[in-house]
Amino acid sequence: MAETIIFILFAAVALVGAVSMITASNTVYSAMGLLATMFSIAILYVVLDAHFVAAVQVIVYAGAVMTLFLFVIMMVGVDKPDAYGAQLPIQRFMTAVVALGLFGAIALAGRAVWITGSDAFGTPALNGTAEAVADELFGTWMVPFLSTVMLLTIAAVGTIALAYFRDTPLEEVSE
Amino acid sequence: MTVTVTWFLLLAAALFSIGVAGVLIRRNALVMFMSIELMLNAVNLTFVAVSHELGLIEGQVAALFVMVVAAAEVTVGLAIIVAVFRTRSTANVDELAEMSG
């Protein structure tokens, strides 16, 4: 019962945060809406016994990614009000149709697929501790894990390159 | 009334659809980028919910990999937005259409 109350509460917070993110005219409010959604998803991970993923969600998304977003918003976005009100109404209507149609299609597709448990007598209790995740991650998935190390290194180098070579004159770039 | 995996999957589908709507309706590059993050989060929720339902830890490992890719993507994407802002002084994608034919 407590599980149900927690799910309804934080699912509502997640949905309200997501909707306020795409409708807020101020970019900082959008970031705050996304932050609320990410915290709610972290709590839902705890409900699903994925404790380590929940901790990583809070540290990486609510901590690092949102801080980065807010830094860039302070540099770029705040003094430029978005032309949200200037959109053609037909585009908003079509967007609503596409989003609702996509939701319906995903729900239908989900109904068509039968998710079976790993045995007929109920699923074994899953405890997503750091130890359990690490056993799998550093055992079966060692090579993909190492390739994510490469990915992060390349991303860091690329970001530094983008910031460092910004003084190239525009004429040389366009020629 | 107990929470089943279907509720989580429907919530994830709703969050993904809201993310798609955000990419379609907003013209601010930062908000579009946040919508993409929302879609990645919705997919992560699906992974973890199904992992719980099936009793397999692989779903949580997949969610961690998605988080790593999302972190790399945010770093590079925000660097591109800042670089574009420094040359064009705007983050509105409608005004960044020089390459369209």
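The values are calculated or read from the model by the stated rules, or taken from the named source; none is laboratory data. Since the structure is predicted, the reported quantities are computational estimates derived from the model, not experimental observations. Counting neighbours? That spans all protein chains shown, and the Cβs are built from the backbone with ideal geometry, glycine included. To get the accessible areas, we keep the full protein, side chains included, count just its heavy atoms, and leave off ligands, DNA and RNA. Shrake-Rupley method; radii C 1.70, N 1.55, O 1.52, S 1.80 Å.
Worth a mention:
- Unmet requirement for B:A71, which otherwise passes all of (1) part of a helix (DSSP H, G or I); (2) more than 7 Å from chain A (Cβ to nearest Cβ): (2)
- Restricting segment B:40-65 to residues that are without any contact (Cβ under 8 Å) to a residue 40 or more places away in the chain and open to solvent by 30 Å² or more (accessible area, probe 1.4 Å), the residue that is nearest to A:T153 (Cα to Cα): B:F65
- Matching residues, segment A:52-67, being of a type in the set (V, I, T) and surrounded by 18 or more Cβ atoms within 10 Å (Cβ to Cβ): A:V53, A:V56, A:V60, A:V65
- Residues of segment A:1-21 that are over 10 Å from A:L34 (Cα atoms), more than 9 Å from every other protein chain (Cβ to nearest Cβ) and either at pLDDT 90 or above or touching a Lys or Arg at 6+ places or on another chain (Cβ under 6 Å) (or both): A:I5, A:L9, A:F10, A:A12, A:V13.
- The lone criterion from (1) in contact with a Ser or Thr (Cβ under 8 Å, 6 or more places away or on another chain); (2) surrounded by 22 or more Cβ atoms within 10 Å (Cβ to Cβ); (3) under 25 Å from A:S25 (Cα atoms); (4) at the interface with chain A (Cβ under 7 Å from one of its Cβ atoms) left unmet by B:G19 is number (4).
- Put simply, of B:F47, B:F33, B:F65 the only residue that is of a type in the set (F, W, Y), part of a helix (DSSP H, G or I) and facing chain A (nearest Cβ under 7 Å) is B:F65.
- Restricting attention to segment B:37-57, the residues that are touching an Asp or Glu at 6+ places or on another chain (Cβ under 8 Å) and among the β-branched types (V, I, T) add up to 1.
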